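Have a look at the structure below, then the notes.
What follows draws every value from the coordinates through simple rules; no lab data is involved. All of these numbers come straight from a predicted model, not from anything done at the bench. Don't worry about glycine lacking a Cβ; one is built from the backbone with ideal geometry, like all the others, and counts go over all protein chains shown.
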Amino acid sequence: MTRKHWMLDVIVDLRSFATANDLGALADHLDETLVIATAELASLNDTAGARTNGKQNKPGQDPEDTGGHQYT
């Protein structure tokens, strides 16, 4: 799960911001989101990821081929 740990960090940061800015309902939803994300990420193996045409995406792949963003 370490490859996907950044996603959990982002959710925690968003939850902290919501709490610090009196956005209680948002913070509560982010708590639920964190539980769900943790469970779903734990169920994935390290080779899981976005796929295009049944093939694993590769670093540097054209985002137009995947419909996603490039994070390099």
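Listed by Cβ neighbour count within 10 Å, with the fewest neighbours leading, H29, H5 appear as H5, H29.
Net length available on complete extension from T19 to D31 is 3.3 nm, with 0.36 nm assigned per residue and the Cα-Cα distance removed. Work out, in µm²/s and without decimals, the Stokes-Einstein translational diffusion coefficient of region 1-43 at 20 °C, 1.002 mPa s, Rh from Kirkwood over C-alpha pairs. Value of D from the Cα-based Kirkwood radius: 205 µm²/s.
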